[in-house]
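Participant: Below is the structure I would like to discuss, written out as structure tokens.
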Amino acid sequence: MQMIDFNPADPAFVADPYPTYRRLRDEAPVWQDPGSGLWLVTRFSGVERATADYAAFSSSKGNVVQDSPTRVGKTLGSIDPPRHDELRRIIQRGLGNARIEAMLPGIRAELADCMERLSERRECDFIADISQPILFGALGRMLGLDAAAAIRATELTKGLFHQDDGPLGSILPPETFQEIARFLRDQLDNRKQERGDDLISVLLNAKEDGAPLSDEEIVANVSTVLMAGNASIGHFFPNVMHALWCHPDQRRTLIEDPSRIPAAIDEAVRWDTSTQCFARQVVQEVEIDGTRIPADSRAIIFYASANRDERVIPDPDRFDINRARVRHFGFGMGPHFCAGANAARMMLKEIMRELLPFLGDYDLDTGRAKRVSHIMVRGFANLPISW
């Protein structure tokens with residue numbers, strides 16, 4: 001077996017996993033970690049195959065390294081087609097462009113309040129003072145949460161990817177998964193009495209109109225929206241700001257020409273995606289890049305590594321908002337392409353158009369910043385910023 005120094009708890013890996021990904025792609029693109037027994041798939045070709053071939057790489061035992069029984073078999077990420085496709089069509093009703101457009105005035109108001117609070121300051125924690133309030137406000141509106149419920153949702157998801165279960169462990173303690181389910185079940189019961197213009201109400205209306213959807217599936221998928229909004233866009237937004245801080249010339253370009261912001265978002269989600277990998281259950285023996293993975297194995301498919309694969313993407317370590325459009329896995333690929341990708345793009349475009357001129361030539365104190373230490377996510381727990 002090829003010897004690879006793979007230690008996701010190593011501070012050097014947490015700070016920059018991309019050199020390790022490169023070595024894996026070059027020397028062992030399909031490799032079994034002797035410590036965990038997990039199979040790591042890192043080349044573009046292998047990741048592309050795994051995302052498309054759900055007959056071999058099943059999501060039916062969850063897409064998180066250690067998934068929760070409260071989610072498995074009920075969410076988009078933990079079922080395969082054809083049920084996945086049926087459920088996705090229902091859930092997309094609540095995530096369409098018109099619904100996101102309707103949320104944008106609220107996001108603009110939240111952003112204006114945020115900038116007003118910071119108008120007399122010249123530094124803050126980007127996570128606690130900017131990204132979390134704005135994004136959790138947006139999630140609250142999407143789910144129809146009142147002020148008290150939004151605060152409760154924030155508290156319940158605060159520990160996501162931050163507990164002490166290690167970089168390959170559960171993303172939340174089991175009791176917290178159950179608390180989130182109870183919280184959302186209460187929200188569901190409230191909507192049964194009084195509907196609103198929110199995702200829970202949309203799904204309830206679809207169920208009553210005959211869509212094959214159970215209450216448990218509504219709760220599980222709404223919990224995914226809540227947690228994915230925190231774990232993906234909640235980490236991706238700071239990653240975008242970090243990428244632009246590393247490339248101040250491109251940051252200035254966006255301030256001068258905001259029409260380039262969508263291209264910057266697309267390049268940033270390729271260059272440093274917050275969702276580094278997902279898990280799959282290998283249900284039948286399969287060969288990828290010359291290596292056989294036996295049936296009943298657990299595989300981790302590394303989107304972030306595939307996004308830097310020079311076999312497919314020219315000069316992949318370079319961040320360039322003017323890069324010609326390339327296929328990548330920043331929002332996934334295949335049947336499990338991120339259902340909220342367009343919502344994330346639309347919200348971030350709106351936020352960055354106003355926030356970048358406000359912050360101007362900002363500086364990040366990466367020496368005091370703390371990164372999230374979990375194999376699935378790349379992002380910051382805190383990120384000091386000054387302007």
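Participant: Per residue, how much accessible area does the chain have with a 1.4 Å probe, in Å²? List each step's numbers first, then the result.
Facilitator: Working: 15940 Å² over 387 residues.
Roughly 41 Å² per residue, with all protein chains present.
Participant: Multiplying the sequence separation of ALA324 and ALA148 by 0.36 nm and subtracting their Cα-Cα distance, what value in nm do you get? Present the calculation step by step, with values, prior to reporting the outcome.
Facilitator: On the way: separation 176, 0.36 × 176 = 63.36 nm, distance 4.52 nm.
Contour length minus the Cα-Cα distance gives 58.8 nm.
Participant: Let me ask you something else. VAL377's amide H: which non-local residues (gap 5+, or another chain) put their own amide H closer than 5 Å, with H modeled 1.01 Å from N in plane and none for Pro or chain starts?
Facilitator: Here GLN276 satisfy the definition.
Participant: Rounded to the nearest 5, what % of the DSSP beta bridges within the chain are antiparallel ones?
Facilitator: On the way: 23 of 27 bridges.
Of those bridges, close to 85 percent are antiparallel.
Participant: With charges set only on the Cβ (+1 for Lys and Arg, -1 for Asp and Glu), what does the dipole of the stretch 237-339 come to about its Cα centre, in debye to the nearest 20?
Facilitator: Working: 13 positive and 15 negative charges, 32 e Å.
So the dipole magnitude of the stretch 237-339 works out to roughly 160 debye.
Participant: For MET352, tell me the accessible area in Å² from a 1.4 Å probe, rounded to the nearest 10.
Facilitator: 0
Participant: What figure in square angstrom, to the nearest 10, would you give for the accessible area of ILE90 with a 1.4 Å probe?
Facilitator: 10
Participant: Stretched out fully, how many nm does the piece from ASP10 to GLU287 gain, at 0.36 nm a residue minus the Cα gap?
Facilitator: On the way: separation 277, 0.36 × 277 = 99.72 nm, distance 3.00 nm.
Gain in length upon complete extension: 96.7 nm.
Participant: Order these peptides, 51-60, 148-157, by their mean beta-carbon neighbour count within 10 angstrom, highest first.
Facilitator: 51-60, 148-157
Participant: By how many nm would the segment from GLU194 to GLU179 grow when fully extended, if each residue of separation counts as 0.36 nm and the alpha-carbon distance is taken off? Walk me through the numbers before you get to the answer.
Facilitator: On the way: separation 15, 0.36 × 15 = 5.40 nm, distance 2.27 nm.
Here the segment from GLU194 to GLU179 would lengthen by 3.1 nm.
Participant: Between ASP361 and SER119, how high is the FRET efficiency from 1/(1 + (r/R0)^6) when r is the Cβ-Cβ distance and R₀ = 25 Å? Nearest 0.05.
Facilitator: On the way: r = 17 Å, r/R0 = 0.68.
For R0 = 25 Å, the calculated efficiency reads 0.90.
Participant: Related question: Name the residue from ILE91, GLY37, LEU160 whose Cα lies farthest towards the positive end of the charge dipole of the chain, charges +1 on Cβ of Lys and Arg and -1 on Cβ of Asp and Glu.
Facilitator: ILE91
Participant: Taking the Cα centre of the chain as origin, sum charge times position over the Cβ atoms of Lys and Arg (+1) and Asp and Glu (-1), and report the length of that vector in debye to the nearest 20.
Facilitator: Values: 46 positive and 56 negative charges, 103 e Å.
Magnitude of the dipole: close to 500 debye.
Participant: Counting only protein heavy atoms and using a 1.4 Å probe, what share of the accessible area of the chain belongs to carbon plus sulfur, as a whole percent? Mind showing how you got there, number by number?
Facilitator: Details: 7910 of 15940 Å².
Roughly 50 percent of what the probe reaches on the chain is carbon or sulfur.
Participant: How do THR253, THR20 stack up against each other in accessible area, from largest to smallest, with a 1.4 angstrom probe?
Facilitator: Working: THR253 50, THR20 30 Å².
Ranked list, largest accessible area first: THR253, THR20.
Participant: Let me ask something else. With a 10 Å radius around each residue's Cβ, average the other Cβ atoms per peptide and rank 308-315, 68-75, highest first. Before the final figure, lay out the partial values.
Facilitator: Working: 308-315: 15.4, 68-75: 19.2.
Sorting 308-315, 68-75 by mean packing, highest first, produces 68-75, 308-315.
Participant: What is the packing order of peptides 135-147, 269-281, 358-370, taking the mean over residues of other C-beta atoms within 10 Å and listing the highest first?
Facilitator: Details: 135-147: 20.2, 269-281: 24.4, 358-370: 14.3.
Put in order of decreasing packing, that is 269-281, 135-147, 358-370.
Participant: I need the phi-derived Karplus couplings for the stretch 289-303: 6.51 cos²θ - 1.76 cosθ + 1.60, θ = phi - 60°, integer Hz, Gly and Pro marked x.
Facilitator: For the stretch 289-303, the Karplus curve yields 6, x, 10, 8, 9, x, 4, 6, 9, 9, 10, 10, 9, 9, 4 Hz.
Participant: Now for a separate question. Defining a contact as two alpha carbons under 8 Å apart and six or more residues distant in sequence, what relative contact order in percent does the stretch 146-302 show?
Facilitator: Numbers: 110 pairs, mean separation 22.3, N = 157.
Rounded, it is 14 percent for the stretch 146-302.
Participant: Under 30 Å Cα-Cα from LYS158, which lysines qualify once same-chain neighbours fewer than 8 residues away are excluded?
Facilitator: Qualifying lysines at Cα under 30 Å: LYS61, LYS74, LYS192, LYS349, LYS370.
Participant: Calculate how large, on average over all directions, the projected area of the Cα convex hull of the stretch 225-350 is; give the answer in nm² to one decimal.
Facilitator: Values: hull surface 34.8 nm².
The number I arrive at for the stretch 225-350 is 8.7 nm².
Participant: Same structure again: With +1 on each Lys and Arg Cβ and -1 on each Asp and Glu Cβ, and nothing else charged, work out how big the dipole of the stretch 153-256 is about its Cα centre, in Debye to the nearest 20.
Facilitator: Charge dipole of the stretch 153-256: 300 debye, to the nearest 20.
Participant: Would you work out which of LEU24, LEU188, MET346 lies farthest towards the positive end of the dipole of the chain? Charges go on Cβ: Lys and Arg +1, Asp and Glu -1.
Facilitator: The listed residue farthest towards the positive side: MET346.
Participant: With a cut-off of 17 Å, note down the residues of the stretch 96-116 whose backbone N falls inside the zone around a label point 7 Å from the Cα of LYS349 toward its beta carbon.
Facilitator: 96-108
Participant: Which label marks the calculated value of Kirkwood radius over Cα pairs in Å, given the options (i) 21.5; (ii) 22.6; (iii) 20.9?
Facilitator: Recomputing Kirkwood radius over Cα pairs in Å here gives the entry labelled (i).
The values are calculated or read from the model by the stated rules, or taken from the named source; none is laboratory data. Everything numeric in this text was worked out from a predicted model, so none of it was measured. Positions of Cβ are backbone-derived with ideal geometry, glycine not excepted, and every protein chain shown enters the neighbour counts. Each accessible area value is taken on the protein alone, full model and side chains, heavy atoms only, with ligands, DNA and RNA left out. Shrake-Rupley method; radii C 1.70, N 1.55, O 1.52, S 1.80 Å.
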